[in-house]
Amino acid sequence: MKRLFVIILFSLATTCYTQGLFEYFKLTADDDGPEKFDRISVDFNWDSWLGVKEEIKTGTVSIGLNAYWYKDMPFGKKSRVSLAIGLGIGSHNVHHNGEFISIDSAGVSYTGLYARSKESVWKKNKVTSNYIDIPLELRFRNMNIKSKKEGGKTKSFRFYPGFKFGLMVNNHVKWKDAKIKYKVYNIDNMLRYRYGMTLRIAFNKFAIHGFYSLTPLFAKEKGDQLYPISVGVSWIRF
């Protein structure tokens, strides 16, 4: 997954500095058309779950990453409201002090997050889930655009409520003790899709954002009902 992020970020950087591709994909605004904004977003998240048992603690440093490209569609030539649909990837990491255990009973599999025994000493313990996402945002913005004679700077405040749907690419748990590092893929009963509400509040190139999943991490009645949440900062351009 790290290689995939590197490839995507390299592609975005190449696009940003290649004017021909700008024109081909309409990444630059036409002189006689409405101005378009915020077509590239890189989000740095703090990830966690709602609904964990009292004895389970999630880590304070659980960092995830999203990278999205958006098609920004203003409602009119001078409109400050637009609709944006995007495509990208999201990777979420949650550090915790528990352990996922799958139990089969009467032909039914159930995956729970349980506290580890006090005898076990793990230096690192996290679960990672990676998605291909389709985000959708309704965008409201207050733009203050200066002319080239005034320095050509743009000051803006943006309020972007939205929604996103994602398909899981893979998932794994990773933990290590004093001697060995373990990595196990495909946790039993984890839901293969997700959807939920998003919000982005931006000023100029930076924003704070949040995501609340309306779907749990595990399928209903097949696992603990943990609801992923993310908050963080975004770098947005073009």
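The values are calculated or read from the model by the stated rules, or taken from the named source; none is laboratory data. If you're wondering where the values come from, they're calculated on a predicted model, not measured in any experiment. Cβ placement follows ideal geometry from the backbone for every residue including glycine, while neighbour counts extend to all protein chains displayed.
Can you find a residue that is surrounded by fewer than 17 Cβ atoms within 10 Å (Cβ to Cβ) and within 15 Å of the chain's Cα centre (by Cα) anywhere in the stretch 180-192?
no
Applying the selection to the stretch 105-117, what residues are part of a strand (DSSP E or B) and closer than 24 Å to ASP177 by Cβ?
THR111, GLY112, LEU113, TYR114, ALA115
Restricting the first residue to the stretch 35-62 and requiring it to be of a type in the set (Lys, Arg), which pairs with a second residue that is surrounded by 19 or more Cβ atoms within 10 Å (Cβ to Cβ) meet a Cβ separation below 6 Å and a spacing of at least six or different chains?
Taking only residues 6 or more apart or on different chains, the pairs are LYS36/ASP72; ARG39/TYR70; ARG39/ASP72.
Select from the stretch 210-238 the residues that are crowded, with 21+ Cβ neighbours inside 10 Å, out of contact with any Asp or Glu (no Cβ under 6 Å at 6 or more places or on another chain) and under 23 Å from PHE140 (Cβ atoms) and list them in ascending order.
If the condition is that a residue be crowded, with 21+ Cβ neighbours inside 10 Å, out of contact with any Asp or Glu (no Cβ under 6 Å at 6 or more places or on another chain) and under 23 Å from PHE140 (Cβ atoms), then PHE211 is the only one that fits.
Filter the strands (runs of 3 or more DSSP E) completely within the stretch 28-104 down to those with at least 3 residues that are among the polar types (S, T, N, Q).
Output list reads 40-50, 81-95.
Starting from the stretch 164-176, take each residue that is closer than 13 Å to TYR131 by Cα and list its partners that are among the basic types (Lys, Arg) and in a strand (DSSP E or B), counting only C-beta distances under 8 angstrom and pairs at least six apart or across chains.
Between residues of the stretch 164-176 that are closer than 13 Å to TYR131 by Cα and residues that are among the basic types (Lys, Arg) and in a strand (DSSP E or B), the close pairs are PHE165/ARG194; GLY166/ARG194; MET168/ARG194; HIS172/LYS183.
Just checking, how many residues over the stretch 190-218 are at pLDDT 95 or above and outside any strand (DSSP E or B)?
6
Within the stretch 189-224, track down each residue that is of a type in the set (S, T, N, Q) and either closer than 19 Å to GLY51 by Cα or touching a Lys or Arg at 6+ places or on another chain (Cβ under 6 Å) (or both).
ASN189, THR198, SER213, THR215
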